[in-house]
Amino acid sequence: MLTAYDYLWAGIFDQAGVDSILVGDSLAMVVQGHSTTLPVTLEQMIYHGEMVVRAVRRALVVVDMPFMSYQVSVKQAIRNAGRIIKQTGADAVKLEGGAIQSETIRGLGRADIPVMAHIGMRPQAVRQLGGMGKIQRQEQQLLDDARAAEDAGAFALILELIPEDIAGRITASLAIPTIGIGAGPRCTGQVLVGPDMLGLNEGFRPRFLKEFGELRKQADKAVRDYVEQVRGGEFPGAEHSHQ
Ligand code: KIV
């Protein structure tokens, strides 16, 4: 699984063979430039979800429910998840929380909306946790959250920033797949933020991230070359001009 937020990248990821594309609320940080995921709105998630769905032919598309779009009540969650599914055409929604969201996951299931849950480090709880990026080590609590999400009907579970042995035991104890980010190799699958793994997000290098590309460097060079060639009169040449 990779995150994507628009038509261009979703198409590339889909054609390159990822099983699933997440329209993550990380778009608040990666695309919009905020310092947390909290500001992104439901309307914005729907707008980006639509673009991604238009590009995807085979991968499963999951759209994040943003902060405060599901925490108020089960009714609120069903209404907003329903809008996401109906307006974007995505396959499923994702929300953060295990035991605390079990009623909501059940309610969404009754409304025939598939739900992926997300436990461990929950970026939407940044104010409660006192910061992003803290490793979650309370094994019993994590196991209880994972089981609660599965029992409530979640079809898959994101494990974020959890020590690999705990993530392995959680995965072994569940029938549904776990998708890890910073949770080691014993999860069923892995997710990374698309622009981060492509090497586009300069300066962001947490331990769990592997950069599979150097796109920031390449983009920087391409733009510098363009500026130089336009200023120097080299571009456009005869081959790029209509005669
Ligand atoms: O919003 C997001 O990108 C996520 C992934 C990191 C799992 O929730």
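Computed quantities for the displayed model
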{"read-out": "Subset of region 194-221 (residues that are assigned to a helix (DSSP H, G or I) and open to solvent by 70 Å² or more (accessible area, probe 1.4 Å))", "value": "Arg216, Lys217, Gln218, Asp220, Lys221"}
{"read-out": "Hits in region 128-142 - residues which are touching a helix residue (DSSP H, G or I) at 6+ places or on another chain (Cβ under 8 Å), hydrophobic (A, V, I, L, M, F, W, C) and either without any contact (Cβ under 8 Å) to a residue 24 or more places away in the chain or assigned to a helix (DSSP H, G or I) (or both)", "value": "Leu142"}
{"read-out": "Residue within region 54-69 that is within 12 Å of the ligand (Cβ to nearest atom) and of a type in the set (D, E, K, R) present", "value": "yes"}
{"read-out": "Failed criterion for Val31 (all others in (1) open to solvent by 70 Å² or more (accessible area, probe 1.4 Å); (2) within 13 Å of the ligand (Cβ to nearest atom); (3) out of contact with any helix residue (DSSP H, G or I) (no Cβ under 9 Å at 6 or more places or on another chain) hold)", "value": "(3)"}
{"read-out": "Unique residue being under 27 Å from Gln136 (Cβ atoms) and of a type in the set (Val, Ile, Thr) when the list is Ile85, Ile78, Ile119, Ile46", "value": "Ile119"}
{"read-out": "Where Ile78 falls short, out of the listed (1) within 11 Å of the ligand (Cβ to nearest atom); (2) touching a helix residue (DSSP H, G or I) at 6+ places or on another chain (Cβ under 9 Å)", "value": "(1)"}
{"read-out": "Failed criterion for Glu228 (all others in (1) more than 30 Å from Met116 (Cβ to Cβ); (2) surrounded by 13 or more Cβ atoms within 10 Å (Cβ to Cβ) hold)", "value": "(2)"}
{"read-out": "Residue that is farthest from the ligand (Cβ to nearest atom) [pool: residues in region 172-211 that are among the hydroxyl-bearing types (Ser, Thr, Tyr) and touching a strand residue (DSSP E or B) at 6+ places or on another chain (Cβ under 7 Å)]", "value": "Thr188"}
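The values are calculated or read from the model by the stated rules, or taken from the named source; none is laboratory data. Everything numeric here is computed off the predicted structure, so don't read it as measured data. A quick note on method: Cβ atoms are made from the backbone with ideal geometry, for glycine too, and the neighbour counts reach across all protein chains shown. For accessibility, only protein heavy atoms count, side chains too; no ligands or nucleic acids. Shrake-Rupley method; radii C 1.70, N 1.55, O 1.52, S 1.80 Å.
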